[in-house]
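A short worksheet on the structure shown next.
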Amino acid sequence: MAEKRLSELVQGENYSAQELDSFVSTTDAVLLSTNENQLFTEPEREYKVTGEFAGFFEHSSEDGEKYFRNKKAYIVEKV
């Protein structure tokens, strides 16, 4: 059975770690996890999208400036 490919995440919805892994592999987005570096350790674990941002500021180590990145960022929490 083919798995459906996610093109966006919906705030308030639950997704498996495997779905989130596939999403960030095919989409220009950032995941911020309250489960720290264990997000992809259990493929079947469920996570809830609790926040979404259109972009974020990033500090450049090259020139010391701060730049706004137009890149979706999602906060996910272990269910």
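The values are calculated or read from the model by the stated rules, or taken from the named source; none is laboratory data. This is a predicted model, so every value here is computed, not measured. Glycine gets a Cβ as well: all are built from the backbone with ideal geometry, and neighbour counts include every protein chain shown.
Numerical summary
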read-out: Residue list for segment 27-39, restricted to those being surrounded by 11 or more Cβ atoms within 10 Å (Cβ to Cβ) and outside any loop (DSSP other than H, G, I, E, B); value: A29, V30, L31, L32, S33, Q38
read-out: When residues of segment 40-64 are limited to those that are hydrophobic (A, V, I, L, M, F, W, C) and either part of a loop (DSSP other than H, G, I, E, B) or in contact with a Leu (Cβ under 7 Å, 6 or more places away or on another chain) (or both), the one modelled with the lowest pLDDT; value: F40
read-out: Those residues of segment 1-15 which are surrounded by 15 or more Cβ atoms within 10 Å (Cβ to Cβ) and assigned to a strand (DSSP E or B), in sequence order; value: Y15
read-out: Sole residue being assigned to a strand (DSSP E or B), modelled with pLDDT of 95 or more and either over 12 Å from the mean Cα position of the chain (by Cα) or surrounded by 11 or more Cβ atoms within 10 Å (Cβ to Cβ) (or both), chosen from E77, E19; value: E77
read-out: Residue that is surrounded by the most Cβ atoms within 10 Å (Cβ to Cβ) [pool: residues in segment 40-74 that are over 13 Å from L20 (Cα atoms) and in contact (Cβ under 8 Å) with a residue 24 or more places away in the chain]; value: K72
